[in-house]
Number of protein chains: 2
Amino acid sequence: MPRQVPVSLRPHRITAADVARKAGVSRSAVSRAFTEGAYVDKEKRARILKVAADLGYRPNALAAGLQGKGRSNLVAIVTGDLVNHYDGEILARMVRQLTAIGKWPVVLNAGDEIPDADVSGVLGFPLDAMILRGGSVPDDVVEHCAKLKIPLIVSGRILDRPGIDSVCCDNERGSALAVEALIARGRRRIAYLGGQADLTSDRERRKGFLDAVQAAGLSPVAQADGDYSFDGGLASARALLTAHPEIDALFCANDAMALGAQAVATCELGRTVPESLSIVGFDDIAMARWPTIALSTIRNDMDMTVTQIMRLLAARLDDPDAPPQTVRTEPEFIARGTH
Amino acid sequence: MPRQVPVSLRPHRITAADVARKAGVSRSAVSRAFTEGAYVDKEKRARILKVAADLGYRPNALAAGLQGKGRSNLVAIVTGDLVNHYDGEILARMVRQLTAIGKWPVVLNAGDEIPDADVSGVLGFPLDAMILRGGSVPDDVVEHCAKLKIPLIVSGRILDRPGIDSVCCDNERGSALAVEALIARGRRRIAYLGGQADLTSDRERRKGFLDAVQAAGLSPVAQADGDYSFDGGLASARALLTAHPEIDALFCANDAMALGAQAVATCELGRTVPESLSIVGFDDIAMARWPTIALSTIRNDMDMTVTQIMRLLAARLDDPDAPPQTVRTEPEFIARGTH
DNA sequence: AAAACTTATGCACACGTGTTCATATAGAGG
DNA sequence: CCTCTATATGAACACGTGTGCATAAGTTTT
């Protein structure tokens, strides 16, 4: 009974050899038919492509990426919580830009905590690069990338280490712009509603705030920590405004917290914005310009950020040993209805 | 002059052979040291892992995935525009769930148009599965997946074809719930603010709306098309409310459009919500519950949806030839402040 | 003591591709 | 006619891994 059908769970994927057999050519020819500028008879190539299309064949990207010189075309993106609109919007841009240049983004969602094992695990792939959005960067990840010679591009903070490129908004300048705008509106009792105090972005924004307030001859009424989320901003603002009712302006470390602060101030504490309380955010997420929201904020230009990330990526792929680059993007005050 | 240093652009990634050489063992041993339950001397394994850690070695996932039986652990996710909050929030959940079971999500952002070439291109990888979020599904993609035997899981619409699993909200029922709630509030001149009319979700929600209105003995005042975006909802609502000032309720095909409609109604047309105009959305995105928003809407349970997607995925990986499954999730009316 | 079984280990193969190498054919130019 | 160049083609190798196979050693059972 030689009726031994080889049962494979995964039904045999069409391979170049299959196409070659069916088209009556060598396997090399099939590979060449899919390679731009290779020596293949024009008519023969057409026939091969026809057969390939019929069979539904396409070159296995894993096998192709295994080749020494070729790149895997995989790029890992480690992002923060996507419910945070800034991260979502910037991710969308990155994904589109990457696919446009033939790279495939493998996305890791950090959420609030750092997915150490995940980030470490994805390094099993010979990534063309890794893009780290904001947050704290675990040291061992940096170490791994360095050992594996995987280019690391950090956005949202500056990391001054060899082989690591960074692009980040000039946070201190942004804070200064916000404080200036608030003072121009006659505000004098300004508080800072911060994010996680251990993040570089918060440290810089906080420092910029304190410096600017001091430079104006004022002193900050209060400071609070949050977690860059709507709910966190709401809770922190509640505590802040209850303990210090004299506050007449809130500068928030990002837009989500600003919206949370606005919610608690207007819906719960009976304040009116901007009459009895000014609020300024940071980032300029898409909804900040909605008429019903109209949030005054500091623009953290996402298009520019992503453009720079892509530029750094291209440069790094071109020359892995080039000195690390650091880019600061320019913030801008966007006057709307809450200040 | 035999000083021929082999110059490779990509600095040689550490390989199992390197570890084997340095640890004085065979390459097989290295592989086994990283394989759970393989026969290796306990002490030997420890030594190998130590050397591997020192060298920064980890098994190349590409080579591993090339193995016949093993899976690549790559899962493609095709999503809509992430500025659309529903897509962003559901993507975040999927990414987290997938990484939790050791799958790596390759994300394609459809944006408004269908990235035909991209979707086709990612099929070069021997994907474990492909998850398609909403929208229209190009037929040739379905065809390709079928030929390549790549499991396809569609969310946001039902696709009744062999080997394709679907999970989708019971849209008609959701619309009926919305209409009921509006009628209970005394509304009689209800209009439908739809999304792209060629999408299944819009067709079903529209049908559910029309049926429910008719069942209540009313007739719909008007219908309009949008594009599921805030701006689209705003523009459509402006046209709708201007042409039909008698409208006293808007049922919108998703939350983003509902918020756009609210913006134009209150900020531009002098209507008050809900006093002179009721608005009900669909999806229940995170911000719908913000006190400043308080959008009455139909919950399209994301946790349940993702749970079901993961369940279908597991089942499909377990048995590729199982009959296709279809899941309808139950919608729920969430009463807040806009109806 | 013999047999059966568990553990350990290296060799060799398979995965599917891109590409080098050698070889062959054809055309052009002297 | 000979040489040189451009084009075409198949065999063979390399990429890095997991694992089947054969073999050896150690342990338990009969």
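Here, each number is a calculation from the coordinates, and none is a lab measurement. Just so it is clear, the model here is predicted, and its values are computed rather than measured. FYI the Cβ positions are ideal-geometry reconstructions off the backbone, even for glycines, and counts take in every protein chain you see.
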Need one number: nm distance between label points at A:Ala335 and B:Ala63, each 7 Å from Cα along Cα→Cβ, rounded to one decimal.
6.3 nm
Could you line up A:Ser175, B:Ser201 from fewest to most neighbouring Cβ atoms inside 10 Å?
B:Ser201, A:Ser175
Between B:Lys44 and A:Tyr39, take the C-beta separation as r, use R0 = 45 Å, and let me know the FRET efficiency to the nearest 0.05.
0.35
Average other protein chain Cβ within 10 Å of Cβ, residues B:100-107
5
Would you mind telling me which residue in B:Ala191, B:Ala117, B:Ala76 has the biggest mean-square fluctuation in a Gaussian network model of chain B, where springs connect alpha carbons within a distance under 10 angstrom?
B:Ala117
Using the 7 Å Cα-to-Cβ label point, sort the distances from B:Lys149 to its equivalents in the other copies shortest first and give them in nm to one decimal.
3.7
I need the inter-copy label distances for A:His12: point set 7 Å along Cα to C-beta, values in nm with one decimal, smallest first.
3.8
In whole Å, how far is the Cα centre of the range A:214-237 from that of the range A:292-317?
24 Å
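By DSSP, what percent of the beta bridges with both residues in the protein assembly as shown are antiparallel, rounded to the nearest 5? Before the final figure, lay out each step's value.
Working: 7 of 77 bridges.
Of all bridge pairs located within the protein assembly as shown, approximately 10 percent are antiparallel.
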If I build a Gaussian network model for chain A, linking alpha-carbon pairs within less than 10 angstrom, which residue out of A:Leu127, A:Leu108, A:Leu269 has the largest mean-square fluctuation?
A:Leu269
Once you sort the root eigenvalues of the Cα gyration tensor of the protein assembly as shown as a ≥ b ≥ c, which label holds: rounded (a/c under 1.5), prolate (a/b larger than b/c) or oblate (the other case)?
oblate
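What share of the DSSP beta bridges in chain B is antiparallel, in percent to the nearest 5?
On the way: 3 of 38 bridges.
About 10 percent, rounded to the nearest 5.
Provide the percentage of antiparallel DSSP beta bridges, counting only those with both residues in the range B:171-299; round to the nearest 5. Please list the in-between numbers first.
Details: 0 of 13 bridges.
In the range B:171-299, DSSP labels about 0 percent of beta bridges as antiparallel.
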Nm distances between the label at A:Gly270 and the same-position labels in the remaining copies, 7 Å along Cα→Cβ, shortest first?
3.1
If you plug each phi of the range B:214-221 into the Karplus form 6.51 cos²θ - 1.76 cosθ + 1.60 with θ = phi - 60°, what whole-Hz ³J(HN,Hα) values come out, in order, with x for Gly and Pro?
5, 4, 8, x, 9, 10, x, 5
Obtain the nm distance between the two label points defined at A:Asp160 and B:Arg311 by a simple spin-label model: each point lies 7 Å from its Cα along the Cα-to-C-beta direction.
5.4 nm
Test of understanding: in a Gaussian network model of chain A with alpha carbons linked when under 10 Å, which of A:Ser28, A:Ser296, A:Ser120 would top the mean-square fluctuation ranking?
A:Ser28
How tilted is helix B:230-243 with respect to the longest principal axis of chain B? Cα atoms for both, answer in degrees (0 to 90, nearest 10).
10 degrees
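Ignore the peptide's own chain and count Cβ atoms of other chains within 10 Å of each Cβ in B:131-139; give me the average, rounded. Display every interim value, and only then the final one.
Values: counts 0, 0, 0, 0, 0, 0, 0, 0, 0.
Across the residues of B:131-139, the mean count of other-chain Cβ atoms within 10 Å is 0.
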